[in-house]
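Worksheet for the structure shown next.
The values are calculated or read from the model by the stated rules, or taken from the named source; none is laboratory data. Quick caveat, the model's predicted, so the values are computed rather than measured. We place every Cβ from the backbone using ideal geometry, glycine too, and count neighbours over all the protein chains shown.
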Amino acid sequence: MKADLPANEQARLAALESYRILDTAPEQAYDDIVAIAAFICGTPIATVTLVDAKRQWFKSQTGLTSREGAREHAFCAHTILDVNLMEVPDASQDTRFANNPLVLGDPHIRFYAGAPLVTPDGLSLGSVCVIDREPRHLSDAQKSALERLAHLTMNNLELRRVSAEFASATANLKTLSGMLPICAWCKEIRDDSGYWQSVEKYVSEHTNAEFSHGMCPTCQEKMLADIKR
């Protein structure tokens, strides 16, 4: 059974895009999370999955060779409909998945458990999931560990997003430092070549600031007094 689209699908996809994670190369941090998930839950398959508009994409996986699959067949497409862990003890007996190609064929899924990757705004982007070819249940301790790994994954994604935004904001940043030789009378600044230029020109060339000219109250009063005289 194909999963319904979340009610917040457009906001969810926009959030997913903001993390700039899709189709990136493997990273040790996510590979470690997958390895720990598989070890704790005792499963041959585990993934960090992100659900895009038409596919599920694996940032990391163990026990699988593919990096992505069709969203219409994805168990994780059902997981993102909620913010709580989803467990499927036996997919062959679950009406949502009994006829799923991933159950009837390779990798012959029987057991699935996925902890959603939830943003600070409450949007589910994907999951940390574990898969087995035999029916089973997770213990409460295993469920808790899987949820904690999902939180850790989301923290890594948040750090990635904030770092990318900071790098973008500072890519062209220029700063002024040291002592500036400035004329006490006309306020022009002497550059490194010995030429004098206006404050506006100097600052524009050495920073990303733009000027918007106006008049302060003190100068307004002085100007009005000169006009009256």
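Just a few scattered comments:
- Some residue of region 169-184 being at pLDDT below 80 and assigned to a helix (DSSP H, G or I): yes
- Against the test of being under 22 Å from Leu138 (Cα atoms), hydroxyl-bearing (Ser, Thr, Tyr) and more than 16 Å from the chain's Cα centre (by Cα), the options Thr49, Thr79 yield a single qualifying residue, Thr79.
- Restricting attention to region 87-99 and to residues that are under 30 Å from the mean Cα position of the chain (by Cα) and in contact (Cβ under 8 Å) with a residue 40 or more places away in the chain, the residue that is nearest to Glu68 (Cα to Cα) turns out to be Phe97.
- Every listed requirement among (1) modelled with pLDDT under 95; (2) within 25 Å of Asp94 (Cβ to Cβ); (3) of a type outside the set (S, T, N, Q) is met by Arg20 save one, (2).
- Meets criteria (in contact with a Gly (Cβ under 8 Å, 6 or more places away or on another chain), among the aromatic types (Phe, Trp, Tyr) and assigned by TED's automatic domain parsing to the domain that holds Pro116) for Phe97: no
- Inside region 1-21, residues that are touching a residue at least 24 places away in the same chain (Cβ under 8 Å) and part of a helix (DSSP H, G or I) make up a count of 6.
- Qualifying residue in region 71-92 (condition: of a type in the set (Lys, Arg) and surrounded by 15 or more Cβ atoms within 10 Å (Cβ to Cβ)): yes
- Flag if Ala29 is farther than 19 Å from Leu85 by Cα, assigned to a helix (DSSP H, G or I) and in the same structural domain as Phe111 (by TED's automatic domain parsing): yes
Let's see how each residue does on (1) among the polar types (S, T, N, Q); (2) within 23 Å of Ala145 (Cβ to Cβ):
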position: Ala53; (1), (2): no, no
position: Cys76; (1), (2): no, yes
position: Val83; (1), (2): no, yes
position: Thr95; (1), (2): yes, no
position: Asn99; (1), (2): yes, no
position: Val118; (1), (2): no, yes
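- Yes/no for His108 being assigned by TED's automatic domain parsing to the domain that holds Tyr19, farther than 14 Å from Ile36 by Cα and surrounded by fewer than 16 Cβ atoms within 10 Å (Cβ to Cβ): yes
- Residue match in region 134-143 (condition: closer than 20 Å to Phe58 by Cβ and assigned by TED's automatic domain parsing to the domain that holds Ala38): no
- So Val51, is it within 16 Å of Ile33 (Cα to Cα), crowded, with 17+ Cβ neighbours inside 10 Å and either free of Cβ contacts under 8 Å to residues at least 24 places away in the same chain or touching a Cys at 6+ places or on another chain (Cβ under 6 Å) (or both): no
- Within region 138-147, the set of residues being surrounded by fewer than 20 Cβ atoms within 10 Å (Cβ to Cβ) and within 15 Å of Ala46 (Cα to Cα) comprises Gln142, Lys143, Ala145, Glu147.
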